[in-house]
Amino acid sequence: MEMNRRRAFTLIELLVVIVIIAVLIGIAFPVFSSIQNQAKKTQAKNDVMQIVTAVNAFYTEYGKYPASATTDAAATYGSGASSDVLFNELRKGGTINTRQIVFISPAEDTSQTAPKGKVGSDGQFHDPWGSAYSIRIDADYDNQVANPYGTNGAGADPIRQGVIAWSLGKDLSLGKNGDAKFTGSDDVISWQ
């Protein structure tokens, strides 16, 4: 008489499979995280270039920059100084953009103060990490603005452009760990 035997997985076989899956996840997670961070940097680079293009288009249209300041230091927006007035001019129009031309139209999420990659309830345009983009405009019209990194690896100081924009990156600080050195940092800049 032949016995009916059912073949099943042993406990050892199940443990081996679980260990193999855990090892594969351990290998895949850092790769996925790196790809995700690179996608955020690419989005930030695209955004800073759109900001610069919008400000330059404003200058082309009106013959002046969308800032009432008379010094470059006063025409620095973003981290430390709110950029909501600047983005209101570029997005909706106002006292300077009297024809109400839309120069830039980023996504909005007014339910949050600092939404990642969108304009928040504070009126500022935030990078993919949630920090406001920084913008510096040539308010004294000498075709140069101060480099926020000085001569620490992000090009010449001053920069011979009418407008620059940058993102503080994942660590949310200027340069590498707040040392104001661009080399080796995760910051994203428009002028290189």
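Read-outs throughout are calculated quantities, based only on the coordinates presented, and are distinct from any laboratory measurement. Everything numeric here is computed off the predicted structure, so don't read it as measured data. All Cβ positions, even for glycine, are placed from backbone atoms using ideal geometry, and neighbour counts span all protein chains on display.
Annotations
- Of Lys64/Lys176; Lys45/Lys176; Lys41/Lys64; Lys45/Lys92; Lys92/Lys118; Lys41/Lys92, pairs whose Cα-Cα distance is over 25 Å: Lys64/Lys176; Lys41/Lys64; Lys41/Lys92
- For the range 1-88, GluC sites (Glu not before Pro) meeting the loop criterion (DSSP other than H, G, I, E, B) and having at most 16 other Cβ atoms within 10 Å: Glu2.
- Cα centroid of the range 61-95 to Cα centroid of the range 152-179, whole Å: 19
- Over the chain, relative contact order from alpha-carbon pairs under 8 Å, at least 6 apart, %: 17
- On the principal axes of its alpha-carbon atoms, the chain has extents of 100, 37, 24 Å, going from largest to smallest.
- The base-10 log of I(q)/I(0) for the range 82-131, evaluated at q = 0.13, 0.20, 0.27 Å⁻¹, reads -0.28, -0.60, -0.94 [Debye formula, identical scatterers on Cα atoms, solvent excluded].
- Chymotrypsin sites (Phe, Trp or Tyr not before Pro) within the range 136-180: DSSP coil, no more than 15 neighbouring Cβ in 10 Å: Tyr141
- Most fluctuating residue given options Asn56, Asn177, Asn88, as computed from a GNM of the chain linking Cα atoms under 10 Å: Asn177
- Folded to 0 to 90 degrees: helix 11-62 orientation relative to the chain principal axis, Cα: 10
- Separation of the Arg7 and Lys45 label points, Cα + 7 Å toward Cβ, nm: 5.3
- Sites Phe29 and Val102, calculated FRET efficiency, Cβ-Cβ separation with R0 45 Å, nearest 0.05: 0.65
- Max mean-square fluctuation residue, GNM over the chain, Cα-Cα springs under 10 Å, options Ile96, Ile35, Ile104: Ile35
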